[in-house]
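To keep things clear, I will list the structure first and then write my remarks on it.
The values are calculated or read from the model by the stated rules, or taken from the named source; none is laboratory data. The structure presented is a predicted model; accordingly, all values stated were derived computationally and were not measured. Note that we place each Cβ from the backbone using ideal geometry, even for glycine, and neighbour counts take in every protein chain shown. Side chains included, ligands, DNA and RNA excluded: accessible areas come from the protein's heavy atoms. Shrake-Rupley method; radii C 1.70, N 1.55, O 1.52, S 1.80 Å.
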Amino acid sequence: MTTYPNATHVSEHFTWEEVRCHCGCPLMVDVKKKAAKQAAALEKFRRAIGNLPVSVHCWHRCAGQNAKVGGAKASKHMEGSATDLHVAGIPHAKLREVARAIPEFIIGGIGIYDWGVHLDTAVDRVNRPAQWDERT
């Protein structure tokens, strides 16, 4: 039996490469810890959608990359506890519905956009519940 996290995978279906910031900076220990928690919740999400592949758009962003893409100043991506994703063939509203059944995302945040969904396991949000719909 494989133990996670390991050198290549943060969990069974998610890799450290998917977690890594697009700028290529190294992952810090605290980011890795939060990414592992996020990955565990994403594994629950993946099982709930029938084990379909999840396409990760963005997971961790360093402060520089976050500023470059116009991310929120306190973005949960910077701590490794947020993932932007989509699943081919499943409407984003359905993905949001599935995420609402996973306690870690209810405690954290669920956002829906034209391109996909944002899921996070951050427990330090000021505004609860952290759910939003930014579709145009």
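Other residues lying with their Cβ under 10 Å from the Cβ of Ala82 contribute a combined charge of 0, Lys and Arg counting +1, Asp and Glu -1. Cross-link pairs exceeding 21 Å in C-alpha to C-alpha distance, out of Lys33/Lys76; Lys34/Lys76; Lys44/Lys94; Lys33/Lys68; Lys34/Lys73, comprise Lys33/Lys68. Expressed as a whole number of Å, what is the distance separating the alpha-carbon centroids of the stretch 1-72 and the stretch 75-91? Here the answer is 9 Å between Cα centres. Let me know the shape class of the stretch 1-55, please: from the alpha-carbon gyration tensor, a ≥ b ≥ c as square roots of the eigenvalues, rounded when a/c is under 1.5, otherwise prolate if a/b is greater than b/c, or oblate. Prolate, since a/c reaches 1.5 and a/b exceeds b/c. Among the aspartates and glutamates, which have Cα under 15 Å from the Cα of Lys37 when same-chain residues fewer than 8 positions away are ignored? Cross-link targets: Glu12, Glu18, Glu79, Glu104, Asp120, Asp124.
Over all directions, how big on average is the projection of the convex hull of the alpha-carbon atoms in the chain, in square nanometres? Projected over every direction and averaged, the Cα hull of the chain covers 8.2 nm².
Segment Arg100..Val29, full-extension length gain: 22.7 nm, with 0.36 nm per residue of separation and the alpha-carbon distance subtracted.
With the simple model of a label 7 Å out from the Cα in the direction of the Cβ, Ala88 to Ala36 spans 3.2 nm.
Only Cα pairs under 8 Å and 6+ residues apart enter the sum, and on that basis the relative contact order of the chain stands at 20 percent. What shape does the stretch 61-136 have by the C-alpha gyration tensor, where a ≥ b ≥ c are the square roots of the eigenvalues, rounded means a/c under 1.5, and otherwise prolate means a/b greater than b/c and oblate the rest? Because a/c hits 1.5 or more and a/b fails to exceed b/c, the stretch 61-136 counts as oblate.
Summed over the residues of the chain and divided among them, the accessible surface reaches 53 Å² per residue at a probe radius of 1.4 Å. Only helical runs count toward this figure. For the chain, summing -39,500 (n - 2.57) over DSSP H runs of n ≥ 4 and dividing by all residues gives -9000 deg cm²/dmol at 222 nm. Only protein atoms count toward the accessible area here, which uses a 1.4 Å probe; on the stretch 17-136, the carbon and sulfur part of that area reaches 57 percent.
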